[in-house]
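A short write-up of the structure that comes next.
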Amino acid sequence: MLIVNNLKKTYDGKKYVVDNVNLEIENGHIFAFVGHNGAGKTTTIKSIVGILDFEQGEISLNGLNLKDDETTFKKQIAYIPDNPNLYENLTGIAYLNFISDIYDLNKAEVKEDILKYADDFEIRGRLSDQIKSYSHGMKQKLALISAFIRKPKLLILDEPFVGLDPSAAFKTKEMMKNLTRSGSIIFFSTHILEVAEKLCDRVAIIKDGKIVVEGKMNEVKGDKSLENVFLELLDNE
């Protein structure tokens, strides 16, 4: 379980951009994190993955507190931002092998996984090319492969479908579902609310740094669409 307890973060020492955020996400769930630009989504995510420090609160995954053992905590997670930075002078396969070595993955298993995911994303023939020759969509696919081969306990995706063609987007959703079947958590931020509505078990909507709605997807949206619920919350600001 991922637990975010009373998380607060400020950049100027005055106004909280994340203000008392509380979340509990059970293993095996796909969780949607939704909000307008500047609502605090990315700051919350970067705090959870240990990129940003925070003034107050606790973050734990399966009982391990982030600040108690940051290295072990980070080994359990994978994070793909909306615009991943890759080592562009490496070839695709060299980058994936580099990730495999960092996380001490089983070489036989990871080789099989790389080929499987590369086939799914139709980039196997480009793995020997330098990443700087890749399109944005291909870089996104490579970043996703680098996360899925690790089988993380927590996978955090920030706008994962940006730049993906429809086939790759569909296959990414299937990969997400398969990962949760092994008990992993997927924490998924997106502006594509129709995708979140169909894919996710639970949802939280953040507004001005505060969680305004959180719960099971079907309970949050009721007989409305998630888009309608979100727009109504913005209109009531």
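The values are calculated or read from the model by the stated rules, or taken from the named source; none is laboratory data. Just so you know, these numbers come straight off a predicted model, no measurement behind them. Glycine gets a Cβ as well: all are built from the backbone with ideal geometry, and neighbour counts include every protein chain shown. Calculation scope for accessible area: heavy atoms of the full protein, side chains included, ligands and nucleic acids excluded. Shrake-Rupley method; radii C 1.70, N 1.55, O 1.52, S 1.80 Å.
What's the FRET efficiency of E24 with H136 using the Cβ-Cβ distance as r and R₀ = 45 Å, to the nearest 0.05?
Details: r = 35 Å, r/R0 = 0.77.
It comes out at approximately 0.85.
In whole percent, and with a 1.4 Å probe on the protein chains, what portion of the accessible area of the chain is carbon and sulfur? Intermediate results must be reported in sequence, preceding the final value.
Details: 5300 of 11600 Å².
Whole-percent figure for carbon plus sulfur exposure: 46.
Would you compute, from DSSP H runs of 4+ residues alone, the mean residue ellipticity of the chain at 222 nm, taking -39500 (n - 2.57) per run and dividing by the full residue count, rounded to the nearest 500?
Numbers: 9 runs with 90 residues, N = 237.
Helix contribution divided over all residues of the chain: -11000 deg cm²/dmol.
Using only the C-alpha atoms of region 87-181, find the volume of their convex hull and express it per residue in Å³.
Values: hull volume 9.1 nm³, N = 95.
Per-residue hull volume (Cα only) is 96 Å³.
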Measuring from its Cα centre, the chain shows a charge dipole (+1 at each Lys and Arg Cβ, -1 at each Asp and Glu Cβ) which, in debye to the nearest 20, is 440 debye
Name the most mobile residue of K15, K46, K132, meaning the one with the largest mean-square fluctuation, in a Gaussian network model of the chain with Cα contacts below 10 Å.
K15
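Hey, can you find the accessible area per residue of the chain for me, probe 1.4 Å, expressed in square angstrom? Working shown, then result.
On the way: 11600 Å² over 237 residues.
That works out to 49 Å² per residue.
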How long are the three semi-axes of the equivalent ellipsoid of region 141-237, in whole Å, if each is the root of 5 times an eigenvalue of the C-alpha gyration tensor, listed from largest down?
26, 14, 13
Please go through region 7-63 and write out the GluC sites (Glu not before Pro) that DSSP classes as loop and that have at most 15 other C-beta atoms within 10 Å.
E26, E55
Per-bin percent of Cα-Cα distances, region 1-71 [5 Å]
4, 16, 28, 27, 18, 7, 2, 0
Just for the chain, what percent of DSSP beta bridges are antiparallel, to the closest 5?
55 percent
Residue by residue, what Karplus-based ³J(HN,Hα) values in Hz, rounded to whole numbers, does region 55-63 have, using 6.51, -1.76 and 1.60 with θ = phi - 60° and x for Gly and Pro?
6, 9, x, 9, 10, 9, 10, 6, x
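Relative contact order (percent) for the chain, with alpha-carbon contacts under 8 angstrom and 6 or more residues of separation?
Working: 400 pairs, mean separation 67.4, N = 237.
Reported as a whole number, the value is 28 percent.
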